[in-house]
Amino acid sequence: MISDIESIRKDFPILGHTVYNKPLIYFDNAATTQKPRQVVEKIEEGYYNVNANIHRGVHFLSQAATEAHENARKKVQQFLHAHSPGEIIFTRGTTEAINLVASSFSDACMQPGDEVIISGMEHHSNIVPWQIQAARKGIAIKVIPVGEKGELCMDRYKELFSEHTRLVSVTHISNVLGTVNPVREIIEIAHTHGVPVLIDGAQAVPHLKVDVEALGADFYVFSGHKVYGPTGIGVLYGKEEWLDKLPPYQGGGEMIATVTFEKTVFNELPFKFEAGTPDYIGSTALAEALRYVETIGVENIAAYENDLMQYATEKLTAIEGVRIFGQARHKSSVLSFLTGHIHHYDMGMLLDRFGIAVRTGHHCAQPLMKVLGIEGTVRASFSFYNTKEEIDTFINSVERVRTLL
Ligand code: PLP
């Protein structure tokens with residue numbers, strides 16, 4: 001149970017700000033989350049006290065920084081319930097992690113005519129990397145359709161497999177519809193065909209308990225900045241057996257064992273995939289963010305946010321002319337809507353004047369917008385630091401905009 005919301009909010013100084021003389025109501029958490037004091041202090045502490053390039057140094061500071069970075073990797077491993085730290089690759093974020101898999105997997109495991117299955121509710125970052133590989137390697141992309149309620153059509157999914165299917169790559173939670181996809185079932189079905197699965201966990205890791213081993217995911221990716229950590233750091237989890245098979249994504253320092261002008265022997269996991277100086281300050285701050293989340297409790301967060309979602313959905317549905325996109329049985333923390341004829345951009349601009357930060361537009365999911373037959377939505381997305389009082393203000397403000405326009 002989350003009971004002391006006020007003390008949680010005190011950890012996030014930005015939540016005390018005002019915009020246009022109104023208290024800030026931050027409902028753009030699916031785009032990025034705010035950072036608790038503990039995470040910001042970790043960054044400061046890193047630069048003030050533990051800053052030296054890692055892995056190559058014999059001196060004290062370098063060893064301390066290396067230890068902090070590798071401990072951060074162990075924290076991520078434990079958080080995701082991965083088998084070993086070697087299965088945790090630090091990347092710049094979800095986007096880079098998917099690009100890494102798309103590039104290395106298609107190089108090692110795909111021939112012209114092979115197929116990858118994605119879904120109709122993917123973020124561009126789980127569409128475009130595959131299109132780049134389609135152009136490079138002549139592979140084909142198949143798409144699981146999205147049904148009326150915003151759920152994946154699982155029967156159609158099963159029909160997409162062929163002898164050429166090499167990988168399934170789908171999102172855990174839709175950043176537009178809030179749908180929590182049945183990823184365990186998706187993985188089980190793929191595995192019966194001997195096909196590995198990548199799960200885009202960008203919207204899931206901040207909101208629910210993720211256990212990559214229990215899910216059976218072959219690859220699982222997420223971004224630090226969406227889970228209260230810093231920008232510029234993210235994670236690719238990959239089963240060791242897969243990561244071992246894949247070639248490096250980039251070449252450079254750190255990822256090598258030996259180099260001559262004739263030949264390079266690559267380093268062991270995870271370093272094979274981490275060319276160049278890693279964001280060792282970012283990794284330790286990300287680990288701090290995960291610790292923070294654990295202190296509140298992932299289950300407590302899920303329960304609190306689900307309550308907020310239910311409250312907001314009921315209130316929003318009661319407003320005349322509101323259409324909510326995404327009516328899935330399992331939803332999480334994302335509420336996309338349109339109000340009558342009001343353009344999403346106008347609604348967003350006016351809500352901003354009331355101090356309310358929401359996102360408007362296609363949310364990097366243009367193909368899904370096409371299926372929905374709209375240009376964009378207004379998206380309110382919640383965190384455990386939001387309150388029902390904030391939702392009341394939001395609902396009153398939507399109502400005011402509706403009567404105004
Ligand atoms: N996948 C999903 C489902 C997302 O919501 C996002 C960001 O909104 C991304 C991928 C891309 O994340 P990033 O920009 O942090 O790489």
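The values are calculated or read from the model by the stated rules, or taken from the named source; none is laboratory data. The model shown is predicted, which means the values in this text are computed figures rather than measured ones. Glycine gets a Cβ as well: all are built from the backbone with ideal geometry, and neighbour counts include every protein chain shown. Just so you know, the surface numbers come from the protein's heavy atoms only, side chains and all, with ligands and any DNA or RNA stripped out. Shrake-Rupley method; radii C 1.70, N 1.55, O 1.52, S 1.80 Å.
For the range 14-61, what is the charge dipole size about the Cα centre, in debye to the nearest 20, if Lys and Arg each add +1 at the Cβ and Asp and Glu each add -1 at the Cβ?
Working: 5 positive and 4 negative charges, 8 e Å.
So the magnitude is around 40 debye.
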DSSP bridge orientation in the chain - percent antiparallel, rounded to nearest 5 = 60 percent
query = In square angstrom, rounded to the nearest 10, how much accessible surface does residue 388 have for a 1.4 Å probe?
reply = 70 Å²
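Do any of 137/239; 22/149; 75/263; 75/158 go past 27 Å between their Cα atoms, and which?
Details: 137/239 24 Å; 22/149 36 Å; 75/263 35 Å; 75/158 36 Å.
Over 27 Å apart, Cα to Cα: 22/149; 75/263; 75/158.
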ask   = So for the range 40-294, taking the charge dipole from beta-carbon charges (+1 Lys/Arg, -1 Asp/Glu), which of 168, 79, 292 sits furthest toward the positive end?
value = 168
ask   = Within straight cross-link reach of residue 315, meaning Cα distance under 19 Å, which aspartates and glutamates are found once same-chain residues fewer than 8 apart are removed?
value = 28, 305, 307, 389, 390, 392, 399
note = Classified through the alpha carbon gyration tensor (a ≥ b ≥ c as square roots of its eigenvalues; rounded if a/c is under 1.5, else prolate when a/b is larger than b/c, else oblate), the range 128-196 comes out oblate
ask   = Does anyone have the angle between helix 128-137 and the longest principal axis of the chain? Alpha-carbon axes, 0 to 90°, nearest 10?
value = 40 degrees
ask   = Rounded to the nearest 10 Å², what accessible area does residue 184 show when all protein chains are kept and the probe is 1.4 Å?
value = 130 Å²
request  = Taking the Cα centre of the chain as origin, work out the dipole magnitude from +1 charges on Lys and Arg Cβ and -1 charges on Asp and Glu Cβ, in debye rounded to 20.
outcome  = 700 debye
query = Of all DSSP beta bridges located in the range 266-405, what percent are antiparallel, nearest 5?
reply = 100 percent
ask   = For the chain, treating each Cα as an identical point scatterer without solvent, what Debye log10 I(q)/I(0) comes out at q = 0.08, 0.09, 0.11, 0.14 1/Å?
value = -0.45, -0.56, -0.83, -1.26
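What ranking do 295-308, 118-131 get when scored by the average of other Cβ atoms within 10 Å per residue, highest first? Can you show the working numbers first?
Details: 295-308: 16.4, 118-131: 21.7.
Taking the mean over residues of other Cβ atoms within 10 Å, the ranking is 118-131, 295-308.
Taking all protein chains as present, what is the carbon and sulfur share of the accessible area of the range 76-155, in % to the nearest whole number, probe 1.4 Å?
Values: 1520 of 2930 Å².
The computed percentage sits at 52.
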request  = Express the accessible area of the range 288-405 per residue in Å², computed with a 1.4 Å probe while the remaining protein chains stay in the model.
outcome  = 45 Å²
message = Using a 1.4 Å probe on the protein heavy atoms only, what accessible surface does residue 294 show? Give it in Å² to the nearest 10.
response = 70 Å²
task = Measure off, as a whole percent, the carbon and sulfur share of the 1.4 Å-probe accessible area of the range 168-303, all protein chains present.
result = 53 percent
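Looking at this model, which pairs from 42/331; 10/35; 209/331; 10/226; 42/226 are more than 21 angstrom apart at the alpha-carbon?
On the way: 42/331 33 Å; 10/35 11 Å; 209/331 14 Å; 10/226 19 Å; 42/226 17 Å.
With Cα atoms farther than 21 Å apart: 42/331.
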task = Could you let me know the centre-to-centre spacing of the range 39-71 and the range 167-239, using Cα atoms, in angstrom?
result = 29 Å
